[in-house]
């Protein structure tokens, strides 16, 4: 052997040793990946100055590391290196590359690779189908699925699960039907996925069919399947069947218990939810954050403040009080149970709040008649840099609606347009409500027209808006349009329709729509609907029908119904029926001042001052206090509040002078003060002075003094506007040449040129 031969062999052995070391380094790619050296390693391998040939296993390990890191660019480098070295990747390495492109979202590259593969196995097809189905590209996924030479369990599962995850649950159920006829094994996972689709669609019939098959296969007692069945029945509202599934489970985990607790909480069975929680504790099953969230939801729906406090204590004991989701649920519970201050304390103690925290607190303030606080929170939220969601904007608009702050509502509307939520049905419905409650019914209709996909809430909100603003015929016309487009009305829709009939005096139409609820739409009338019909007949003076209806109700009449009857008796002077209605109201709601005041008004209108004194004595003896009437008007985004005979406002002198001047002009036009609305036994001059200083007149005078000439004036009153003020507003609207919009406790009055939108039917 020559020296040259020896030298050549030594060089060959050295090269092989170096390659072994190098290959070993590449085989440890996952470890290097953890140390952040993956990129450097691949760059070294793909260096164009020298070609390094490695084996299939090394490439597979490197690609696995790229997939783990979603390192698409590095993976492409490896693919290029494989092509450059003219290595035949084989089906295993090709599938690994396919998986890389799919999981990195590069479906076009995945499809190109798939089409060039000389051989494909089921893994190749399933990988690409799964990629299309989670990305939402179901057309290509389904086309590829249909082209498969053989479809196994994984292929069917990928398509069905993809449909479910992307909200196409009907397609998932349809494909599952085909799967059952394809002689393919259906495992626990696919049953659970399909049951979740049934739950989301509230497809009880489909869920029961699957349950029957599971029962025949002896799989219904398995805890995984059982939990899916339990969830399906609970979300379909069939809680008895859910309970039966729960009882048959051979083993129960926290998902089983939570499913029952959340099911009962969702449908308002707070006591049952709490009872299950106690049983869960007795079974030594540890509650999870989801358990507590469901329990707090149950307490919120039932106004169980005491039990909510106890749940709060459990949360603290389990060191979960820093959990954001639970803190948000606590804020919601306290707000809905009328203990908003405790909710604010929870919010203030949160180490980190999210947009849901702010939304919940804003909504809580809005629902508890703390509109100004809700708006202030909204401004603070914006200062923190958090982006407003649909829920945020809807809650803020609710606050604007409750306060009738039109200018701020417009600002929020502008913010909605900037964000791009103007076509969102949820936000759009809140905007409709805001404009309607600010008396801008045409603006409300414009928003309604701009919602591309109107749902039942959108239609209903617009119908109710028309009803509140006295546009009865427009409300009924819109309802008929709703039916023509195939939109199904709900029970709230009919409350709006019947209220529209009531406010507009459309008695025959009201009768027709009330009868059509059960006859044509399968909706059983509840107390709210009967109250609207009682109000409809009462306003029209058909008090005999009112008595007949109240005596033949399918349930005991509530305080709202008797209050509506009292209001009708006030209008039509029926003292006998008023006494009966008041006595029933006193029993049902003894602390409410409204029935005492209405009965007192009826006696005062008939000059029965002894009876008036008797009613007031009853109020005093029961410590019932009359809610003081107040009105407010907004000038430059600031509300100014007035009460009758209020002399505290800094401009009160100017206000009184304006009213004296208007009184003189009104009398010249034919206005005669209606002193029947003064409930004090004083002389006529004193009664006229008291009438002139009612809160709505003070607010109007202030608005006339401080607003631009010709601008409409919007007044909100917490009680019904009095009859004399209603008459005066008509005269004043003609004298000053302005539109005056008054929103009282029941409806809107639009005064223009001496007329009111209610046509004096209110």
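If you take all C-alpha pairs in the range 319-441, what percent of them are over 19 Å apart? Display every interim value, and only then the final one.
Values: 3385 of 7503 pairs.
Cα-Cα pairs in the range 319-441 separated by more than 19 Å: 45 percent.
Volume per residue, Å³, of the convex hull around the alpha-carbon atoms of the range 641-755?
In the range 641-755, the Cα hull volume divided by residue count equals 99 Å³.
Give me 619, 462 ranked fewest to most by other Cβ atoms within 10 Å of their Cβ, as a rough exposure proxy.
619, 462
Roughly speaking, what % of Cα-Cα pairs in the range 500-653 are separated by over 29 Å, rounded to a whole number?
Here the tail beyond 29 Å accounts for 34 percent of pairs.
Counting helices only, and only those DSSP H runs with n ≥ 4, report the 222 nm mean residue ellipticity of the chain as the sum of -39,500 (n - 2.57) divided by its residues, in deg cm²/dmol to the nearest 500.
On the way: 41 runs with 523 residues, N = 762.
So the calculated ellipticity at 222 nm is -21500 deg cm²/dmol.
In Å, the Kirkwood hydrodynamic radius of the chain over pairs of distinct alpha carbons?
One over the average 1/r among Cα pairs gives 32.2 Å for the chain.
For the range 220-295, what is the convex hull volume of its Cα atoms per residue in Å³?
73 Å³
I need the Debye-formula profile for the range 452-556: one equal scatterer per C-alpha, no solvent, reported as log10 I(q)/I(0) at q = 0.16 1/Å, two decimals.
The Cα Debye sum returns log10 ratios of -0.65.
Antiparallel versus total DSSP beta bridges in the chain: what percent is that, nearest 5?
Working: 15 of 19 bridges.
Expressed as a percentage, antiparallel bridges in the chain total about 80.
When 558, 724, 551 are ordered from fewest to most other Cβ atoms inside 10 Å of their Cβ, what list results?
On the way: 558 17, 724 23, 551 8.
Ranking 558, 724, 551 by Cβ neighbours within 10 Å, fewest first, gives 551, 558, 724.
In what sequence do 379, 280 fall when counting other Cβ within 10 Å, fewest first? It would help to have the intermediate numbers written out before the result.
Numbers: 379 9, 280 20.
Starting with the residue having the fewest Cβ neighbours, the order is 379, 280.
Based on the mean of other beta carbon atoms within 10 Å per residue, what is the order of 100-113, 473-486, most packed first?
Sorting 100-113, 473-486 by mean packing, highest first, produces 100-113, 473-486.
Translational diffusion coefficient, Stokes-Einstein: compute it for the range 397-574 using the Kirkwood radius over C-alpha pairs as Rh, at 4 °C and 1.567 mPa s, and state it as an integer in µm² s⁻¹.
The diffusion coefficient I find is 76 µm²/s.
Report the Cα-based extents of the range 494-589 along its three principal axes, largest first, to the nearest Å.
Each principal axis gives a Cα extent; for the range 494-589 these are 38, 25, 20 Å.
The numbers here are math on the coordinates, done by the rules we state, and not lab data. Quick caveat, the model's predicted, so the values are computed rather than measured. Note: ideal-geometry Cβ built from the backbone for every residue, glycine included; neighbour counts use all protein chains shown.
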